[in-house]
Structures are given as structure tokens and as C-alpha cells.
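Asks: Questions regarding the structure given below will be posed in turn.
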Amino acid sequence: MTADEFLKPDRRWEIWKCYTHQEYLDRFFIPGKFHKDVPETIKEAYSTVERLISYSYFYYPLTEEVHSKMTRILEMAIRLRTEQMGITFTKKHTSLNQHIESLRGRAEVDGILVETLLRAKELRNAFAHPKGHMYSGPIGYTNVISLINLINRLFMAGDSFNILTESIKPLKEQIGSLGVGVMVYETISSRYLISAIHPLLTNRDKDKTLLMLDPILQSFPQSMEDFKSVKPFFVKLGNLKVTDTYLEGFDLFSGLPIKVCISLNTADQFALEKFQKEYNSSDPVVRGFYDADRDEIVYAHLDKFIYDEFWSESLPTS
């Protein structure tokens, strides 16, 4: 075996249109992003994850080790945090579950963090006690971003994270009167009908905003035989302007200006009524799949926005 043998690209990445190591890194690499209060030992441990992501280009199954290492870093972070807070245990050897539960009701962590950590623990258990190979390629890389966010939250003071996420409330109220009835979502080259605007998050400086727009489908599937996954529109807007009749801004995803305005067109109103009627009359299983698919992609976009916009060494955590 020669050194070069270990540096041959794994051709399975061509499925994802990655034909060079740089193309792969440009698309899938996830650099560590941690605020100043996250311990250095955690940041150093994450450098191993960065290398595992990089080296996975040469051996696809290493993606399993990316996730496995990430869950161990989360466990390390939880145990470090309870130690920081001076929490003591009667037993010398304590479980991860005990460490998480010891955070419940503590003013130092945000109120819903414990339940989120308990769900993340199940991911850690899956990799700690595998029943077989668990590599899922880059599909599972969203878990890495989610766990980075959790670690950052863990070392924030009190309700600081909730204050960040709730800073969108004034915009929700402002858009509330606009987001009633049928609306038109327009770009330079496209026009779509939408039924609702959902302001999701804004960054610390209030100059970037994540919105979800619900599309009005031309026809809604009545049975699973006709079901096709349809995603909402997500826009990350800069230069957002909101009036009583429209909103506009510069979409940082596409690099294009967008506008959403109320439609008074009779045909557009008919399209909304038709969509609502077909949605309500469809098989409940179809509606369940449609709504679950929608919810899943929402959480992925929320995690990515938080990762991109909330964490920096220079930013305060309280």
C-alpha cells in the first residue's frame, strides 16, 4: 500500500457533482463557529471534525465518523458546562442523561435547552451503540450544524439565546397585516402565488432576515399516489422594506431583488380558494406528509441561519 492509494478521490462524491477536493470542500465543508465563551478544548476538538469532513472526500464512509465525533464533542461540552456551573453528583460515574437533567431549572441556561439536549442525546446513543454502518454522506451534515448551535447555546448566559430568537417579533407584527389572503412573490424572472409569509429569524444587527413563503399549488394531491414533495420558498433578505401592501428586499441566497405584494386579481384569489379546498379534501395521510416535509426543511433553514449569523468570537453572548 502506498501513500497515494489513500489520497484517491472516492468516486461516490460524483453523485453530488463533486469532481475535485476543492469542489467538495466548497459545497460541504463546515468550519467551526463558536462564540468567545465556548471553552478552547471544545474548539480544539472540533478541528478533528473539520479534518474528518475534509478527508471524507477520499473515503465516503468517514462521514459516519464525522457524526460520531460530533456527538462525543457535545457530550464533552455538556460535562464541561455542568462542571463550570459547580454542579456536583453523589456518584463518581454519572451518565450523560444525569448531566443534562442537572441543568433543568437552572437560570444559567435557556428554558427549552434541556429538552433539546435530551433529543440530541438519542443521536449520540445511536452512534455510541451502532447496529451496523451509519454513514449517510453529506445528508447528515445538517446534524453537525445543529450540534454546533447547541454547544454555543449551552455556554450562553440565561435567556440570551431566546432574546436573539424573539427579536423577530416586531417584524412578525408588522408583516401580520400584509400576510392575509393571496400574495404575489416576484423576482426579475419569476412570479409565484403565495398564501402566507412567515418571518422566522433576524440577526443581531437586524439587517438580515429569514422568511418562509408558502406557495399556492396549482393542484394539491388527493392521494399518496399523486404526492410529490413541494418545498416552501425561503428568502434571506437584506435591505428589507415593509409597507401595508408589500415587502421588498435583496435575497442573499439568489443575489436577486424580490418583492411580495397583495394581489387583488380575481384569478389569483380563485387559485387560493381552489388550493385551500383541495388541501382540506385530500387524504389526511397526504396532508401529514406535506406538513411534515415542510416542518423538516424549516428546521434545517433555521439551524443554518443561526449558524451563519449568531456565532462569532467577537460577538457578545449576553
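The values are calculated or read from the model by the stated rules, or taken from the named source; none is laboratory data. Being a predicted model, the structure only gives us computed values, none of them experimental. Quick reminder, even Gly has a Cβ in these numbers, built from the backbone with ideal geometry, and neighbours come from all protein chains shown.
Rundown of residues vs (1) over 16 Å from S195 (Cβ atoms); (2) surrounded by 12 or more Cβ atoms within 10 Å (Cβ to Cβ), yes/no style:
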| residue | (1), (2) |
| --- | --- |
| D205 | yes, no |
| L213 | no, yes |
| Q222 | yes, yes |
| S263 | no, yes |
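Asks: Here's another thing I want to ask about it. Considering segment 92-111 alone, what residues qualify as being in contact with a helix residue (DSSP H, G or I) (Cβ under 8 Å, 6 or more places away or on another chain) and part of a loop (DSSP other than H, G, I, E, B)? Walk me through how you get there before you give the answer.
Replies: Residues of segment 92-111 that are in contact with a helix residue (DSSP H, G or I) (Cβ under 8 Å, 6 or more places away or on another chain), as a first pass: 96-97, 99-104, 109-111.
Passing the criteria: S102, L103, R104, V109, D110, G111.
Asks: Another one. In segment 150-197, which residue that is in a loop (DSSP other than H, G, I, E, B) and surrounded by 16 or more Cβ atoms within 10 Å (Cβ to Cβ) is modelled with the highest pLDDT?
Replies: Checked segment 150-197; the qualifying residue modelled with the highest pLDDT is F155.
Asks: Now a separate question. Return the pair list, or none, for Cβ contacts closer than 8 Å from residues in segment 204-223 that are over 30 Å from D308 (Cβ atoms) to residues that are loosely packed, with under 14 Cβ neighbours inside 10 Å, at least 6 apart or on different chains.
Replies: Filtered contacts from segment 204-223: P221/K228; Q222/S281.
Asks: Filter segment 51-93 for residues that are loosely packed, with under 15 Cβ neighbours inside 10 Å and either closer than 14 Å to V144 by Cα or of a type in the set (V, I, T) (or both) and give the result.
Replies: R51, T88, T90
Asks: OK, next. Regarding S102, is this residue modelled with pLDDT of 90 or more and touching a Phe, Trp or Tyr at 6+ places or on another chain (Cβ under 8 Å)? Outline the logic, then answer.
Replies: Values: modelled with pLDDT of 90 or more: yes; touching a Phe, Trp or Tyr at 6+ places or on another chain (Cβ under 8 Å): yes.
Yes, satisfied.
Asks: From the list L252, L272, L247, L315, which one is under 30 Å from D159 (Cα atoms) and either over 27 Å from the mean Cα position of the chain (by Cα) or at pLDDT 90 or above (or both)? Give the steps one after another, and end with the answer.
Replies: On the way: L272 fails: under 30 Å from D159 (Cα atoms); L247 fails: under 30 Å from D159 (Cα atoms); L315 fails: either over 27 Å from the mean Cα position of the chain (by Cα) or at pLDDT 90 or above (or both).
L252 is the lone residue from the list that is under 30 Å from D159 (Cα atoms) and either over 27 Å from the mean Cα position of the chain (by Cα) or at pLDDT 90 or above (or both).
Asks: Could you tell me which numbered condition D26 fails, if it satisfies all but one of (1) under 21 Å from the mean Cα position of the chain (by Cα); (2) within 20 Å of N149 (Cβ to Cβ); (3) loosely packed, with under 15 Cβ neighbours inside 10 Å; (4) at pLDDT 95 or above?
Replies: Against the list (1) under 21 Å from the mean Cα position of the chain (by Cα); (2) within 20 Å of N149 (Cβ to Cβ); (3) loosely packed, with under 15 Cβ neighbours inside 10 Å; (4) at pLDDT 95 or above, D26 comes up short only on (2).
Asks: Within segment 277-288, how many residues are touching a residue at least 40 places away in the same chain (Cβ under 8 Å) and exposed (fewer than 15 other Cβ atoms within 10 Å of the Cβ)? Spell out the reasoning first.
Replies: Filtering segment 277-288 down to residues touching a residue at least 40 places away in the same chain (Cβ under 8 Å) leaves 278-279, 281-283, 285-286.
Still in the running and exposed (fewer than 15 other Cβ atoms within 10 Å of the Cβ): 281, 285.
The number of residues fulfilling the criteria is 2.
Asks: Please go through segment 94-106 and pick out each residue that is over 16 Å from L150 (Cβ atoms) and among the polar types (S, T, N, Q).
Replies: T94, S95, Q98, S102
Asks: A follow-up question, please. Might you check whether a residue that is touching a residue at least 12 places away in the same chain (Cβ under 8 Å), of a type in the set (D, E) and not assigned by TED's automatic domain parsing to the domain that holds V109 occurs anywhere in segment 164-185?
Replies: Among the residues of segment 164-185, not one is touching a residue at least 12 places away in the same chain (Cβ under 8 Å), of a type in the set (D, E) and not assigned by TED's automatic domain parsing to the domain that holds V109, which makes the answer no.
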